[in-house]
Amino acid sequence: MNQPPVHRWIEPVRLEGQHVVLEPLQQAHADDLAEATADGALWTLWYTTVPDPQGVAEYIDTALRGRDQHGDMPFAVRHRASGKVIGSTRFFRVDEDNRRLELGHTWYARRFQRSAVNSECKLLLLGHAFETLNAIAVELRTHWHNQASRTAIARLGAKQDGVLRHHTRSADGVYRDTVVFSILEQEWPAVRQNLRYRLDRGSP
């Protein structure tokens, strides 16, 4: 697959923290990601979109097509202590002209949920978006019924913009209501301070 052009807004980058390293997603991560999604059978959660172990290679291919065709940037989440890739996340719905993007497609192996991993991932990603890319806004969206995700996004300091009713329809014909949150560039310093505080306290 062709590599993304170097002139685009979001170029491949490696983001390093104390607990995790975010590295550009590639097929070499497939085995670890298959193991990660099996931890908790994450694909069985009906209100999320996580691949089953057999679908990981296709999931990565889809993410890389989004990178090449739409300027997305998918990441593998590597746990520093174990050296294993434990999940994935990405920038997508990239609007370079208006310096907006969405942060999502985020999932981690169950044993790393409710840990410092998510707080540090968000600190790294939002820091890159606002401080390097000079984004004016970052959106985060989730399913109406994904209460854990809604709570986690609000805990970041993101504000709820609204609910997109019957926003999408799943393969089995069920409509999804999507809850939209955002963080604005003026809000980033307070969100950053909150994330650092949570990490210092060991909070998820």
Number of the condition not met by V138 [criteria: (1) surrounded by 14 or more Cβ atoms within 10 Å (Cβ to Cβ); (2) at pLDDT below 95; (3) out of contact with any Ser or Thr (no Cβ under 6 Å at 6 or more places or on another chain); (4) not aromatic (F, W, Y)]: (2)
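Which one of these is surrounded by 15 or more Cβ atoms within 10 Å (Cβ to Cβ), closer than 15 Å to F75 by Cα and in contact (Cβ under 8 Å) with a residue 40 or more places away in the chain: L42, L15?
Matching residue, one of L42, L15: L15.
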Within the range 83-102, restricting to residues that are over 17 Å from L126 (Cβ atoms) and without any contact (Cβ under 8 Å) to a residue 12 or more places away in the chain, the one that is surrounded by the fewest Cβ atoms within 10 Å (Cβ to Cβ) is D97
Counted residues in the range 181-204 being in a strand (DSSP E or B) and surrounded by fewer than 17 Cβ atoms within 10 Å (Cβ to Cβ) come to 1
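Let's see how each residue does on (1) without any contact (Cβ under 8 Å) to a residue 24 or more places away in the chain; (2) part of a loop (DSSP other than H, G, I, E, B); (3) not β-branched (V, I, T):
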| residue | (1), (2), (3) |
| --- | --- |
| G104 | no, no, yes |
| R111 | no, no, yes |
| L123 | no, no, yes |
| F130 | no, no, yes |
| N134 | no, yes, yes |
| E139 | no, no, yes |
| Q160 | yes, no, yes |
Exactly one of A109, A171, A154 is among the aliphatic types (A, V, I, L, M) and in contact with a helix residue (DSSP H, G or I) (Cβ under 7 Å, 6 or more places away or on another chain), and that residue is A109
Limited to the range 39-60, what total is found for residues that are at pLDDT below 90, in a helix (DSSP H, G or I) and aliphatic (A, V, I, L, M)? 1
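Can you go through L33, L25 and tell me which one is under 23 Å from V138 (Cα atoms) and modelled with pLDDT of 95 or more? Don't jump to the end; show me each part of the working.
Values: L33 fails: under 23 Å from V138 (Cα atoms).
Criteria check complete, one pass: L25.
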Scanning for something out of contact with any Asp or Glu (no Cβ under 9 Å at 6 or more places or on another chain), within 17 Å of W107 (Cβ to Cβ) and not hydroxyl-bearing (S, T, Y), does the range 133-147 turn up at least one residue? yes
Here is a check on your reading of the model: is R150 under 29 Å from R111 (Cβ atoms), at pLDDT 95 or above and of a type in the set (D, E, K, R)? no
Suppose the filter is under 18 Å from A36 (Cβ atoms) and without any contact (Cβ under 8 Å) to a residue 60 or more places away in the chain; does G66 pass it? no
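Tell me, please, whether a residue that is β-branched (V, I, T), at pLDDT 95 or above and under 11 Å from the mean Cα position of the chain (by Cα) can be found in the range 77-100. If you could, list the steps in order and put the result at the bottom.
Just the residues of the range 77-100 that are β-branched (V, I, T), to begin with: 77, 85-86, 89, 94.
Still in the list and also at pLDDT 95 or above: 77, 85-86, 89, 94.
Now narrow it down to the ones that are under 11 Å from the mean Cα position of the chain (by Cα): 77, 89.
Checked against the condition, which is being β-branched (V, I, T), at pLDDT 95 or above and under 11 Å from the mean Cα position of the chain (by Cα), the range 77-100 yields at least one hit.
The values are calculated or read from the model by the stated rules, or taken from the named source; none is laboratory data. The structure presented is a predicted model; accordingly, all values stated were derived computationally and were not measured. Glycine also receives a Cβ, built like all others from the backbone with ideal geometry; neighbour counts cover every protein chain displayed.
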